[in-house]
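First comes the structure, then the notes that go with it.
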Amino acid sequence: MSDAPLVSIKNLHANAGDTPILKGIDLELRPGEVHAIMGPNGSGKSTLSNVLVGKPGYEVTQGEVSFQGEDLVDMDPEIRARAGVFLAFQYPVEIPGVANNYFLRTAVNAVREHRGEDELDAIDFLTLLKEKMKLVEMPEDMMSRAINEGFSGGEKKRNEILQMLLLEPSFCILDETDSGLDIDALRIVANGVNQMRSPDRTMLVITHYQRLLDYIVPDHVHVLSGGRIVKSGDKSLALELEEKGYGWIDGVEEEGVA
Amino acid sequence: MAGVNPELEKLAKQDYKYGFVTDIEEDRVAPGLTEDVVRLISSKKNEPEWLLEYRLKAYRRFREMLQEEESHPEWAKVSYPRIDYDDIVYYSAPKQQKKIESLDDLDPELRETYDKLGISLLEQKRLNGIAVDAVFDSVSVATTFKAELEKHGIIFCSFSEAVENHPDLVKKYLGSVVPYSDNFFACLNAAVFSDGSFAYIPKGVRCPMELSTYFRINAAGTGQFERTLLIADDDAYVSYLEGCTAPQRDENQLHAAVVELVALDRAEIKYSTVQNWYPGDENGVGGIYNFVTKRGACRGHKSKISWTQVETGSAITWKYPSCLLIGDESVGEFYSVAMTNNKQQADTGTKMIHIGKNTSSTIISKGISAGHGDQSYRGLVRMGPKAHGARNYSQCDSLLMGDKCGAHTFPYLEASNPTATLEHEATTSKISDDQLFFCRQRGISEEDAISMIVNGFCKEVLRELPMEFAVEAQNLLSVSLEGAVG
Ligand SMILES: Nc1ncnc2c1ncn2[C@@H]1O[C@H](COP(=O)(O)OP(=O)(O)OP(=O)(O)O)[C@@H](O)[C@H]1O
Ligand SMILES: [Mg+2]
């Protein structure tokens, strides 16, 4: 494990549309680490993840983000994805008509091509897919259905984790992957995530609840408020927040961002 | 959604791959629509008297229609200036030796043209299982695999040859499904049709290969007026494919074809079209006016006619492949993908006319609009008074890309039998920025994402196409959308 950060965020300011949301974020994520980000509704957590994956409509106005030593800000989203940046969406979209397995194979092969690996044919892919589906306990018939169409909230989240398992990114961002999950699904999703923990991978886990962090134990916990990180600590910070809420921390705005 | 996606914009700026012109000497008549021109076409083809009479009847009726305001087909949701029918060349054919003995004698220019289009006319090079009739401007220049088909008693030849060699069949069925007076463009076609394909599948024969016609407009200033007639006798089966391209020109060219299908007892005809006429440029200059009448008559008990079309080309498309469900328990199907991009317009759909008992029909229509494309689905389902127990299911889905295009649905449902059931579903959706971004976040380029979503949207139709065509159609859809993405 090297000490150079895998992801380095320096003084990041960003707009969503024309509205400034992120107001100077500094974070260093080293390989092998899991960072949790907590914070009130509207504090900018999803904005941060959207900026990191290059979603159109979000603009970096100041500061820099590097990934594996490369500037991320000017990279096209699909290139970031192929290079290993992955976001498990807070609200996964449905794409009617496009079968899950076909989509997943296209995505896996796009990433493999980028890494200089051979394409997986339908049979090899199916073997890999079945193996990963077991990890998130997804029934096989879901794969021939359209992407997320008619999936329950929990199934959509599991599908996100399945995609992460298949694409094997080195920087995993999970945006409230635990919200809307029942106890069993939470355990399944957390297991999937823990499978991915490795010395050369970094995770940024956005959540509101300690219960996820019982399963995915973070190395660092940060509190985001008003577009800034107002407090950082170790896993005990999350427990403290669970108990006391955000009110006691200096700089936390009561009603989200102004 | 934040304005028009730049990828979607780019989809609108692609090149038309088949826009080249073949430099070949053509025998063409002077422009203009007169009785003499009709007689000239007929005499060039050594037609029998009855056929000339048929043409002349149509010609006279068309002259009347030109004068009758209500006969002009202006109810369709497309707009174009009225056509000057005296400005069109009605006959243009490559000069070649009267009769070629074998395909090897075909003018190399022509063979090369079809090679460039991906249609090899040399049998040994053909994919097994497809026989081709190649129609170049006003005439059929080659038909492959004739001998092989003859062994099964199947007649597959150009329309002109059919008139010469099988006049009784032609006389019996010509105009029996689409009467010459049926509509404006069908009437014009009946007067001046030049060539086309003819097929007859005898009783009990399953045609062992796909039959296909490839239409190519080459000469400038000409119209193409071809005529196709397919007859499947009792218990026969045939799958027929049709493809079309034309050079890239700044003028509009008229293509007014008539296709008639006849299915007798328990016969089945599957008719597939991949239409890729030159669509005009991104400003709507040039392109083919594709005004076509296609109709099939399920005359026999339990007969079946299935239309599948993928329409990506033409400046304007006006066509409604239809089924007359006359025989009891006969089945009609219509599967359609229509794509309009840039300034393309399409008014397309179908008619299912239920006449016999327990007849059933299915309509699956998928419309895709990008750029400033505008399209309408127009479908008529009529349950006649004797159509006891008849059923129809219709589904019309539209997919919009960007915010400058349009999609409209005009279903006409007429039920004069209380035991008939009709079901109609319609949806309109958009490819959202969030969907595209989701794909990109998984490493898939925006263009691939769009083509994946579009192909997914059309898959119920694409899977009705024969294999070779399905792949071609998928590629065509992607190419037609190239430039709608940034
Ligand atoms: N396109 C946009 N234009 C203007 N404001 C936006 C836009 N997108 C997000 N915002 C605003 O930015 C703020 C931060 O939103 P964000 O989604 O990042 O919050 P969050 O921390 O993820 O909240 P939650 O916990 O509810 O998921 C909110 O006030 C939101 O309304
Ligand atoms: Mg959020």
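The values are calculated or read from the model by the stated rules, or taken from the named source; none is laboratory data. Because the structure is predicted, anything quoted here is derived from the model rather than measured. Note that we place each Cβ from the backbone using ideal geometry, even for glycine, and neighbour counts take in every protein chain shown. Note: areas computed on protein heavy atoms with side chains; ligands, DNA, RNA excluded. Shrake-Rupley method; radii C 1.70, N 1.55, O 1.52, S 1.80 Å.
Structural remarks
- Residues of the range A:202-215 that are open to solvent by less than 10 Å² (accessible area, probe 1.4 Å), away from ligand 1 (no atom under 15 Å from the Cβ) and not aliphatic (A, V, I, L, M): A:Thr202 alone.
- Count of the range A:81-119 residues which are open to solvent by less than 20 Å² (accessible area, probe 1.4 Å), within 16 Å of ligand 1 (Cβ to nearest atom) and under 17 Å from A:Met196 (Cβ atoms): 2
- Qualifying residue in the range A:120-141 (condition: among the hydrophobic types (A, V, I, L, M, F, W, C), modelled with pLDDT under 95 and either within 16 Å of ligand 2 (Cβ to nearest atom) or open to solvent by 60 Å² or more (accessible area, probe 1.4 Å) (or both)): yes
- Exactly one residue among B:Ser360, B:Ser369, B:Ser394, B:Ser445 is buried (at least 24 other Cβ atoms within 10 Å of the Cβ) and modelled with pLDDT of 90 or more, and that residue is B:Ser394.
- A search for C-beta distances below 7 Å between a residue of the range B:438-462 that is within 7 Å of another protein chain (Cβ to nearest Cβ) and closer than 11 Å to A:Ala107 by Cα and any residue that is open to solvent by less than 10 Å² (accessible area, probe 1.4 Å) and outside any helix (DSSP H, G or I), counting only pairs 6+ apart in sequence or on different chains, returns B:Gln441/A:Leu87.
- Yes/no for B:Gly327 being closer than 23 Å to B:Arg206 by Cβ and over 16 Å from the mean Cα position of the chain (by Cα): yes
- Only one of the listed residues (B:His388, B:His372) is under 25 Å from the mean Cα position of the chain (by Cα) and part of a loop (DSSP other than H, G, I, E, B). That residue is B:His372.
- A:Ser179 meets each of the listed conditions (1) within 16 Å of ligand 2 (Cβ to nearest atom); (2) free of Cβ contacts under 8 Å to residues at least 12 places away in the same chain apart from (2).
- Of all residues in the range A:167-199, exactly one satisfies the criterion of being open to solvent by 10 Å² or more (accessible area, probe 1.4 Å), outside any loop (DSSP other than H, G, I, E, B) and within 12 Å of another protein chain (Cβ to nearest Cβ), namely A:Leu167.
- Pick from the range A:23-68, criterion part of a helix (DSSP H, G or I) and touching a residue at least 40 places away in the same chain (Cβ under 8 Å), ranking: nearest to the chain's Cα centre (by Cα): A:Ser49
- Applying the set (1) more than 14 Å from every other protein chain (Cβ to nearest Cβ); (2) away from ligand 2 (no atom under 16 Å from the Cβ); (3) assigned to a helix (DSSP H, G or I) to A:Leu212 leaves exactly one unmet item: (2).
- Of all the numbered requirements in (1) modelled with pLDDT of 85 or more; (2) within 14 Å of chain A (Cβ to nearest Cβ), B:Leu477 misses one, and that requirement is (1).
- Qualifying positions in the range A:5-21 - near ligand 1 (Cβ under 9 Å from one of its atoms) and farther than 14 Å from A:Gly42 by Cβ: A:Asn15, A:Gly17, A:Asp18
- A:Leu52 satisfies every condition listed in (1) crowded, with 18+ Cβ neighbours inside 10 Å; (2) within 28 Å of A:Asp182 (Cα to Cα); (3) more than 8 Å from chain B (Cβ to nearest Cβ); (4) within 16 Å of ligand 1 (Cβ to nearest atom) except (2).
- Of all residues in the range B:330-358 being small (Gly, Ala, Ser) and within 20 Å of the chain's Cα centre (by Cα), the one that is farthest from B:Trp307 (Cα to Cα): B:Ala346
- Scope the range A:1-22; condition more than 16 Å from ligand 2 (Cβ to nearest atom), without any contact (Cβ under 8 Å) to a residue 60 or more places away in the chain and open to solvent by less than 20 Å² (accessible area, probe 1.4 Å); matching residues: A:Ser8, A:Ile9, A:Leu12
- No other residue among B:Thr308, B:Thr317 is assigned to a strand (DSSP E or B), open to solvent by less than 10 Å² (accessible area, probe 1.4 Å) and farther than 17 Å from B:Ser79 by Cα apart from B:Thr308.
- Listing of helices (runs of 4 or more DSSP H) fully contained in the range B:1-68 that carry 1 or more residues being at pLDDT 85 or above and not hydroxyl-bearing (Ser, Thr, Tyr): B:35-44, B:49-67
- Looking across the range B:412-437, just one residue is buried (at least 20 other Cβ atoms within 10 Å of the Cβ) and away from chain A (no Cβ under 14 Å), and that is B:Ala420.
- Selection over the range B:64-97 of residues that are farther than 30 Å from B:Tyr377 by Cα and more than 22 Å from the chain's Cα centre (by Cα) gives a count of 6.
- Scanning the range A:78-116 for residues that are touching a strand residue (DSSP E or B) at 6+ places or on another chain (Cβ under 7 Å) and assigned to a loop (DSSP other than H, G, I, E, B), we see that the one that is farthest from the other protein chains (Cβ to nearest Cβ) is A:Gln90.
- Any hit, the range A:216-233, residues being more than 14 Å from chain B (Cβ to nearest Cβ), more than 16 Å from ligand 2 (Cβ to nearest atom), without any contact (Cβ under 8 Å) to a residue 12 or more places away in the chain and surrounded by 14 or more Cβ atoms within 10 Å (Cβ to Cβ): no
- Within the range B:190-210, considering residues that are out of contact with any Leu (no Cβ under 7 Å at 6 or more places or on another chain) and assigned to a strand (DSSP E or B), the one surrounded by the fewest Cβ atoms within 10 Å (Cβ to Cβ): B:Arg206
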